[in-house]
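Here is the structure we will look at, set down as structure tokens.
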Amino acid sequence: MNWKDIYKEKTMTPQQAAQLIKSGDSMYTPLGLGQPSMAVMDAIADRKDELENVEYYSCLTMRPYKIFQPEYRKTFRLSSGFLGSPVLQEMARSKYANYYPSNGSAGIVWFNEHRLRHAPDARVISIQQVSPPDEHGYVNTGLDSFMSKQNFDDAIKTNGHIIAQINPHMPRCYGETNFHVSQFSAFIEIAEPLVELPTPKAGDIEIAMAKNVVSLLKDRDCIQIGIGAVPMTVSKLLAESGLRDMGIHTEMVPAGIEKLVEKGVVTGKYKKNHTGKIIAGFSMGDKETYDFCTNNPMIEFYGTYYTNSIWTIAAEDNVKAINGSVEVDLLGQIVSESIGDVMISGSGGQCDFAIGAFWSKGGRAINLVPSTTSDGKISRIVPYLQKGARMTVPRNYAGYIVTEYGIADLYGKSEPERAEALIKVAHPRFREELEKSARERHLLFPRIF
């Protein structure tokens, strides 16, 4: 049977594909752009009275699927490794919160360990958007390789299913992205525009922080940039910085990448590995970013088992890992995923890249935190982490802490020296209080102000 016959035979409606799900299955949808449409997931949810004990694992879910509503909890058990979207943050505040801690690099390891302990006989059902097949019968995962291959492999190993939504708006991209139609159990043809993320507005604080970050960068650095207003402003400032021949090895494709390449800021010509290439796990942004990634041999997408691997990152020289945070204590312990006891995102790749950058020759982790909350009432540099806070990066790998007031370099510093450096970049209104707290913790002895 040729690939066209295979494809035709397996093309079906969302309701027909939903019949492939059985009680006891473990379903997985990828993060961001690889997530299937509402029609696909809602057809599965509509079977709630026919199924039982089905686990649904998701990350950064952008669509408000029916399955997240309380009336579906009897049938579908929710779990997540990254809650950084309104849909999942609502779940995180409810009694159904079920977050599993895992770094981006180890997501598939966690998923396998969890499944083997809780449901060793469960089949894996992987559901993902892909491009239409090419002339050889290969679909393409396009802008999202985060855990695609690993979950496809698990579905095959457990005699599960791979269900693909065929979306002509999903571009073909280079890397670990091509999969033959014979590997899939179902194809659902639904065309819909890709989700675009609005660019967060940068104010004076974000611009000041971004300028501090750019001051730490130099020609030929290999950068990783996270998501948010400050990282996006960093990209914009880099385009006008005069820096040259930088490389990119990242989890998420940075905003404004097309301008960085156009102006020669990013060439990758001095990267030790994948010379001349941009390596990424996924993309979420605007149309310009998506267009740049489309059928562009300069950028390659791989699973985060590779992009976020500490060993892969450390093998590159001069890695500068740039990520946002919500709270840092006077020892340099960094919180990026919770506010007190409430999860707002997840560990993601920040810890992977902080450690990888530490071991990279010439590498540095650059962690961003505004000096206060948005209303200016609470310092984000604190004597102790909030009760219930989940630490994302341990103090041993904290590196630089950047606020709008400056840069605290924690490399090679003792705990008292760290406290002193962090107080100096805190908001002036809170410095005296922080100094007092540092003394109470026996971190400071002589007065510094």
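For region 304-326, the set of residues classified as surrounded by 24 or more Cβ atoms within 10 Å (Cβ to Cβ) and either in a strand (DSSP E or B) or modelled with pLDDT of 95 or more (or both) consists of Thr307, Asn308, Ile313, Val319, Lys320, Ala321, Ile322, Asn323, listed by residue number. With respect to (1) touching a residue at least 60 places away in the same chain (Cβ under 8 Å); (2) β-branched (Val, Ile, Thr); (3) under 28 Å from Asn98 (Cβ atoms), the lone exception for Ile366 is condition (3).
Each residue in region 327-359 was checked for being free of Cβ contacts under 8 Å to residues at least 60 places away in the same chain and surrounded by fewer than 20 Cβ atoms within 10 Å (Cβ to Cβ), and 4 pass. Does Lys218 qualify as being among the charged types (D, E, K, R) and part of a helix (DSSP H, G or I)? No: the conditions fail for Lys218.
Return a yes/no flag: does region 384-398 have any residue that is closer than 23 Å to Phe282 by Cα, within 21 Å of the chain's Cα centre (by Cα) and crowded, with 23+ Cβ neighbours inside 10 Å. Within region 384-398, one or more residues are closer than 23 Å to Phe282 by Cα, within 21 Å of the chain's Cα centre (by Cα) and crowded, with 23+ Cβ neighbours inside 10 Å.
Okay, residues lined up against (1) without any contact (Cβ under 8 Å) to a residue 40 or more places away in the chain; (2) out of contact with any Lys or Arg (no Cβ under 9 Å at 6 or more places or on another chain):
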site: Ile248; (1), (2): yes, no
site: Thr267; (1), (2): yes, no
site: His274; (1), (2): yes, yes
site: Gly285; (1), (2): no, yes
site: Glu288; (1), (2): yes, no
site: Asn296; (1), (2): no, yes
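Residues in region 83-137 that are modelled with pLDDT under 85, in a loop (DSSP other than H, G, I, E, B) and within 21 Å of Ile156 (Cα to Cα): how many? Matching residues across region 83-137 total 2. Scan region 336-350 and give yes if some residue there is of a type in the set (A, V, I, L, M), more than 20 Å from Val213 (Cβ to Cβ) and touching a Phe, Trp or Tyr at 6+ places or on another chain (Cβ under 7 Å), otherwise no. Yes, that holds for at least one residue.
The values are calculated or read from the model by the stated rules, or taken from the named source; none is laboratory data. All values reported here derive from a predicted model rather than from experimental measurement. Every residue, glycine among them, receives a Cβ derived from its backbone with ideal geometry; neighbour counts consider all protein chains shown.
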